[in-house]
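A.B. asks: Here it is: the structure, laid out below.
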Amino acid sequence: MNIPRTSFPRIVIIGGGFAGIALAKKLSKQEVQVVLLDKHNYHTFQPLLYQVSTGGLEPDSIAYPIRKVLKDFPNFYFRLAEVQEINTNKNKLKTNIGDLKFDYLVVASGSTTNFFGNKEVEKHSMAMKTVPQSLNLRSLILENFEEALLTSDLNERNALMNFVIVGGGPTGVELAGALAEIKKGILPKDYPDLDTRLAQIHIIQSSGCILKGMSEKASAKAEDFLEKLGVNVWKNVRVTNYDGKTVTTNSDLTFETATVVWAAGVKGATIKGLDTQEFVTRGNRILVNEFNQVKGFKHIFAIGDIACLVSDEFPHGFPMMAQPAIQQGDQLGDNILNFIEEKPMTPFKYKDKGAMATIGRNKAVVDLKNFKFQGVFAWYVWMFVHLFFLIGFRNRMVVFVNWVYNYIRFDREARLIIRPFKNKIKE
């Protein structure tokens, strides 16, 4: 990999997500060599992927080059690589561009969509965890409306304009709200010769409430917002299959649709070498102690979505969200330096700063520790928080200008089929 030898300890970080970037920043300007590996050369602000999927933002608004994030840090190296295996005995990584030795390893590989073993659903539905997946979904949505214009088969037209979102968490709720606003404010202008009132948006949740991790008030208000936007909310319904045309459930409900978005869960993106039952627990996450050390190792750590740190308050590990990842990355920077210098490490304690979700224009729900609110003010808070956590001044300005423009014009300019998705399937 052409990484120079050094007398400094080499710390290798797998993954340039929230956790990996936070750790790399914390280790900057320290007497260590930091090597960050990722299969993409950019960091993705995943909470806004749904806006890329629905044409509200272009992908470069929520992605930022990893090299630019860390360009002024000495002894820092980035390599575009996919890690294939971890050799814990030899302290070596096997990647698609070569092998790399490490003194300390931090696995921050994040998570991937969990289809719960249903291969048919995985084959035919759409995931939304990466920028390419979001662009594919954007193309598919727009292509479906173009096809709906051309068909004279009423059932086929309805299927092309029906959207089923599986999973009532923040991702599913925010996507459903965005699609509902497109149906209401944009489709009638873009497709005046198509009866877009026939378009249907369904959100299916296996439990008895949406936004399960938030308060009952937030859940109820979000459901109310969605229903007022015309979204059909189906609770206590579990999807059992999707063959590309028909969604079947554990009830008598079925849905004829050309688009299913799977937002029903995520699982840890484990790597060969640390993927056995000895290390992996529920949700395909790597079991770590209070210092984020992987079970059985002193020099191998895991942080972010991939890490499962069990506590009394979180018996299944911390939520797989940005805040725990950022906090773990930030603290691990101090702990690794202390470990190298043979000083005591500090146990990790998660500071829950709350949760929030937007359901569309002037509609959001926010749960803070001592304060819960919904509506317009919550929507402004949601926007401010997301702008604050975006990396890069340009990204913040572009997103802010886009949001102001979309708000004033009630429009989404990025309705572009850059790379046809259906043609890609046919190939």
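The values are calculated or read from the model by the stated rules, or taken from the named source; none is laboratory data. Computed from a prediction, not measured in an experiment: that's the story for all the values here. Glycine also receives a Cβ, built like all others from the backbone with ideal geometry; neighbour counts cover every protein chain displayed. Side chains included, ligands, DNA and RNA excluded: accessible areas come from the protein's heavy atoms. Shrake-Rupley method; radii C 1.70, N 1.55, O 1.52, S 1.80 Å.
A.B. asks: Given the residues Thr276, Thr270, Thr281, which is the only one that is under 30 Å from Asn335 (Cα atoms), in contact with a Gly (Cβ under 9 Å, 6 or more places away or on another chain) and of a type in the set (Ser, Thr, Tyr)?
C.D. replies: Being under 30 Å from Asn335 (Cα atoms), in contact with a Gly (Cβ under 9 Å, 6 or more places away or on another chain) and of a type in the set (Ser, Thr, Tyr) holds for just one of Thr276, Thr270, Thr281, which is Thr281.
A.B. asks: Please go through region 360-394 and pick out each residue that is touching an Asp or Glu at 6+ places or on another chain (Cβ under 8 Å) and among the small types (Gly, Ala, Ser). Before the answer, list the steps.
C.D. replies: Of the residues in region 360-394, the ones touching an Asp or Glu at 6+ places or on another chain (Cβ under 8 Å) are 360-361, 369.
The answer is Gly360, and nothing else.
A.B. asks: Using beta carbons and a limit of 8 Å, which pairs, at least six apart or on different chains, have the first residue in region 321-346 and under 11 Å from Gly304 (Cβ atoms) and the second one among the β-branched types (Val, Ile, Thr) and part of a helix (DSSP H, G or I)?
C.D. replies: Gly329/Ile21
A.B. asks: What pairs can you find where one residue is in region 374-394 and closer than 16 Å to Ile21 by Cβ, the other is among the small types (Gly, Ala, Ser) and surrounded by 16 or more Cβ atoms within 10 Å (Cβ to Cβ), and their Cβ atoms are less than 8 Å apart, with a gap of 6+ or different chains?
C.D. replies: From region 374-394, the pairs are Phe389/Ala322.
A.B. asks: Shifting gears a bit: Restricting to region 108-142, name every residue that is open to solvent by 10 Å² or more (accessible area, probe 1.4 Å), assigned to a helix (DSSP H, G or I) and farther than 27 Å from Thr240 by Cβ.
C.D. replies: Listed by number, the residues that qualify are Val131, Pro132, Leu135, Leu142.
A.B. asks: Return the pair list, or none, for Cβ contacts closer than 7 Å from residues in region 1-14 that are in contact (Cβ under 8 Å) with a residue 12 or more places away in the chain and surrounded by fewer than 20 Cβ atoms within 10 Å (Cβ to Cβ) to residues that are among the β-branched types (Val, Ile, Thr) and in a strand (DSSP E or B), at least 6 apart or on different chains.
C.D. replies: Final answer for the pair search is Ile3/Val35.
A.B. asks: Give me the residue from region 226-236 that is open to solvent by 20 Å² or more (accessible area, probe 1.4 Å) and assigned to a helix (DSSP H, G or I) and, out of that set, nearest to Gly172 (Cα to Cα). Reasoning before the result, please.
C.D. replies: Initially, region 226-236 is screened for residues open to solvent by 20 Å² or more (accessible area, probe 1.4 Å), giving 227-230, 232-236.
Filter once more, keeping what is assigned to a helix (DSSP H, G or I): 227-228.
Details: Glu227: 14, Lys228: 16 Å.
Residue satisfying both the conditions and the ranking: Glu227.
A.B. asks: Tell me which of these Cys308 doesn't satisfy, since it passes every other one: (1) in contact with a Pro (Cβ under 9 Å, 6 or more places away or on another chain); (2) within 28 Å of Phe102 (Cβ to Cβ); (3) buried (at least 20 other Cβ atoms within 10 Å of the Cβ); (4) not charged (D, E, K, R).
C.D. replies: With (1) in contact with a Pro (Cβ under 9 Å, 6 or more places away or on another chain); (2) within 28 Å of Phe102 (Cβ to Cβ); (3) buried (at least 20 other Cβ atoms within 10 Å of the Cβ); (4) not charged (D, E, K, R) applied to Cys308, the lone miss is (1).
A.B. asks: Here is a further query. How many residues are assigned to a loop (DSSP other than H, G, I, E, B), out of contact with any Pro (no Cβ under 8 Å at 6 or more places or on another chain) and either in contact (Cβ under 8 Å) with a residue 40 or more places away in the chain or open to solvent by less than 40 Å² (accessible area, probe 1.4 Å) (or both) if we restrict to region 32-71?
C.D. replies: Number satisfying all stated conditions: 10.
A.B. asks: Please find, within region 73-101, the residue that is most open to solvent (accessible area, probe 1.4 Å) out of those that are assigned to a loop (DSSP other than H, G, I, E, B) and in contact (Cβ under 8 Å) with a residue 40 or more places away in the chain. Even if it seems obvious, please write down each step before you answer.
C.D. replies: If we filter region 73-101 for residues that are assigned to a loop (DSSP other than H, G, I, E, B), which is where we start, we get 73-75, 81-82, 88-91, 96-97.
Now drop any that are not in contact (Cβ under 8 Å) with a residue 40 or more places away in the chain, which leaves 73-75, 81-82, 88, 91, 97.
Details: Phe73: 45, Pro74: 68, Asn75: 54, Ala81: 5, Glu82: 94, Thr88: 29, Asn91: 42, Ile97: 78 Å².
Among those residues, the one meeting the criterion is Glu82.
A.B. asks: Can you tell me how many residues in region 9-30 are part of a loop (DSSP other than H, G, I, E, B) and modelled with pLDDT of 95 or more?
C.D. replies: 4
A.B. asks: If the requirement is being in contact with a strand residue (DSSP E or B) (Cβ under 8 Å, 6 or more places away or on another chain) and outside any loop (DSSP other than H, G, I, E, B), which of these qualifies: Ile203, Ile182, Ile210? Spell out how you get there, then give the answer.
C.D. replies: Working: Ile182 fails: in contact with a strand residue (DSSP E or B) (Cβ under 8 Å, 6 or more places away or on another chain); Ile210 fails: outside any loop (DSSP other than H, G, I, E, B).
Exactly one of Ile203, Ile182, Ile210 is in contact with a strand residue (DSSP E or B) (Cβ under 8 Å, 6 or more places away or on another chain) and outside any loop (DSSP other than H, G, I, E, B), namely Ile203.
A.B. asks: Moving on. Only one of these conditions is not met by Phe314: (1) farther than 22 Å from Val12 by Cα; (2) in contact with a helix residue (DSSP H, G or I) (Cβ under 8 Å, 6 or more places away or on another chain). Which number is it?
C.D. replies: Here Phe314 clears every test but (2).
A.B. asks: If you scan region 44-81, which residues turn out to be over 19 Å from the mean Cα position of the chain (by Cα) and of a type outside the set (A, V, I, L, M)?
C.D. replies: Filtering region 44-81 for residues over 19 Å from the mean Cα position of the chain (by Cα) gives 67-81.
Listed by number, the residues that qualify are Arg67, Lys68, Lys71, Asp72, Phe73, Pro74, Asn75, Phe76, Tyr77, Phe78, Arg79.
A.B. asks: In addition: Being closer than 22 Å to Ile210 by Cα, at pLDDT 95 or above and touching a helix residue (DSSP H, G or I) at 6+ places or on another chain (Cβ under 8 Å) is true for just one of Thr254, Thr259, Thr248. Which residue is that?
C.D. replies: Working: Thr254 fails: touching a helix residue (DSSP H, G or I) at 6+ places or on another chain (Cβ under 8 Å); Thr248 fails: touching a helix residue (DSSP H, G or I) at 6+ places or on another chain (Cβ under 8 Å).
Checking each option against the conditions leaves just Thr259.
A.B. asks: Among (1) under 20 Å from Arg138 (Cβ atoms); (2) β-branched (Val, Ile, Thr); (3) over 26 Å from the mean Cα position of the chain (by Cα); (4) modelled with pLDDT of 95 or more, where does Val166 come up short?
C.D. replies: So the condition that Val166 fails would be (3).
A.B. asks: Applying the selection to region 241-256, what residues are in contact (Cβ under 8 Å) with a residue 12 or more places away in the chain, open to solvent by 40 Å² or more (accessible area, probe 1.4 Å) and part of a strand (DSSP E or B)?
C.D. replies: Once the filter is applied, which keeps residues that are in contact (Cβ under 8 Å) with a residue 12 or more places away in the chain, open to solvent by 40 Å² or more (accessible area, probe 1.4 Å) and part of a strand (DSSP E or B), region 241-256 yields Asn241, Glu256.
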